Amino acid sequence: SLSDRLTGALKDLRGKGRLTDADIDATAREIRLALLEADVSLPVVRTFISRIKQRAKGQEVSGALNPAQQIVKIVNEELIAILGGETRRIQLAKTPPTVIMLAGLQGAGKTTLAGKLAAWLTKQGHTPILVACDLQRPGAVQQLQIVGDRAGVPVFAPNAGTSVGGEGDLGTDGSGDPVAVATDGVAYARDKQYDVVIIDTAGRLGIDEVLMGQAAAIRDATEPDEVLFVLDAMIGQDAVSTAQAFAEGVDFTGVVLTKLDGDARGGAALSVREITGRPIMFASTGEKLEEFDVFHPDRMSSRILGMGDVLSLIEQAEQHWDAAEAEAAAEKISQGELTLDDFLQQMLMIRKMGPIGNLLGMLPGAGDMKDALSQVDDSQLDKIQAIIRGMTPAERDDPKIINASRRIRIANGSGVTVTDVNQLVDRFFAARKMMSQMSGRMGMPGAGKRNA
Ligand code: GDP
Ligand code: MG
C-alpha cells in the first residue's frame, strides 16, 4: 500500500527542520503511483503533483509528523480542496418546478438515482415527480415506475395505466418521442404543483451522436435548472473521455458518482472534476434507496490515496501532539534526567493517540520513548499507570529512592505484586539509560552528561 511504500522510503528521516527537495521528490513519486493506481488520468496527475511539490517546498516540518506524513497531509488537503472546492446544493428554480435532468451512459445508474434523489428531496419537504424519457430500452419505463413506487413518488409515463399522465405521446412499444414526453411532464408538474421534476433519460453503451442529440434536445426543450451527469465510478480511465463527451454534447451542471460501494479507487472523481470543472454533488453507494448521500470530498480523498488509516493517524497525532512537552521530554531524555512522572505523561500522551500498535513510526520527536513503549501492550500500560500513580511525588522524581519497603507499599497501594513494581522500576532505568545513549548517538545537545 501507499503507506507501506512511504514508510519504507522515508523512515530514516527524523528531526529535520525543513522538507528537503529529495524528501519531496521521493514522496511525490509514491503519491504519483497511488494516483495512477486509483485511475486518475495522467495529465491530471502531472498537474496535481507539480502543485503539491510547489506547496511542499519550504514547508516547516511539524513536530507531530514525519516528512512523508507531512506531504501526505498536503496532498490530502489539496485533494479535498479540488474535490469539494465548489460543492453546492441543487439550484432551485425561482418559479417552480425545478427541473433536474439526468444524463449518462446506459447502466451508469440514472434510473436508480432518480428514485434516490426523489426520496432525498421528499425528506427535505419537496414534492418531486419523475418523468420517464428513456424510451429506448424495453422495460425502462416500467423500471422507473418500480423505482418511483419504492420512493413513494409519482411517475409521468403516458403509456402505462398505473402512472400519472396519459396524454398519449407514446406507443407501448416505446417508440414515442422523449422530447415531447419531457415537455409534457414538466407542464404536468407545473399544473399539478409538483415542485421538482426529475427527468430520466436514455443512455447508450458508448458515446453516440444520436444519444447526445436526443439529450441535447430534451435539455433545450425543458431548460433544466440542473443537468446531472451520472458516472459509474467503476469505469476508471474511461471516465475522462465520457465526461468530456457529455460536457460537449449536453453540458452538465453537476456530477453524480455511482457504484462507490464497488472497489473503484475513485480517481475518476478527481479527473472529472479537474477536466470539466463541474462539481461532484452526490454519491451513490448501492442499489437501495437510502444508499445515497451528498458527496463528501474528505472520504473520496482518503479513498483515492488508499490510506484512510494514515490520514486518521495524522489527524490524531496533530490533535494530541504537544510540541513543547515533547521537546522538554527530549531534552530530559538526552540529559538522562527523565522522571517516572515524565514517563507517565509521555505514555498518556501517546495513549491518547490510539492503540500503541498503530503508532509505530508516528512519533518523530519521541522516537526513543516510543521504541521503549512499543514493547508493552495496552493492558501492561494500565498496570504501569497504576503503579506510577501509587508512588509519591518524591519517588516519581527520583526513582533511585524506591527501596524494598517502598516497593511493598507501592505494590499494596496499586493492587499489584512487588515483582510488578520491581519490573517497572528496572525497565524504567533500562529505558532511561538506553534513551539517553540513543539521543547521544543522534547528536542531541548535552547528551550523556549524566547517567542513570
Ligand atoms: P441507467 O441505465 O443509467 O438508468 O442505470 P440503472 O439505474 O438502471 O442502473 C444499472 C444497474 O446498476 C442496476 O442494476 C442498478 O441496480 C445498479 N446500480 C445503480 N447505482 C448503483 C450503486 O450505487 N451501487 C451498485 N452496487 N449498483 C448500482
Ligand atoms: Mg435507466
Mean Cβ neighbour count within 10 Å, used as a protection proxy, ranking 127-136, 238-247 highest first: 127-136, 238-247
Pairwise FRET efficiency - Asp191 versus Asp238, Cβ, R0 = 56 Å, nearest 0.05: 0.85
Stretchable slack from Glu248 to Lys400, in nm (0.36 nm times residue separation minus alpha-carbon distance): 46.9 nm
Protection proxy ranking, peptides 185-193, 298-306, average beta carbon neighbours within 10 Å, highest first: 298-306, 185-193
Cα gyration tensor, the stretch 98-294 - rounded (a/c under 1.5), prolate or oblate: prolate
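Here, each number is a calculation from the coordinates, and none is a lab measurement. It should be emphasised that the depicted structure is a prediction, and the values quoted were computed from it without experimental measurement. Here Cβ is always computed from backbone atoms with ideal geometry, including for glycine, and neighbour counts include all displayed protein chains.
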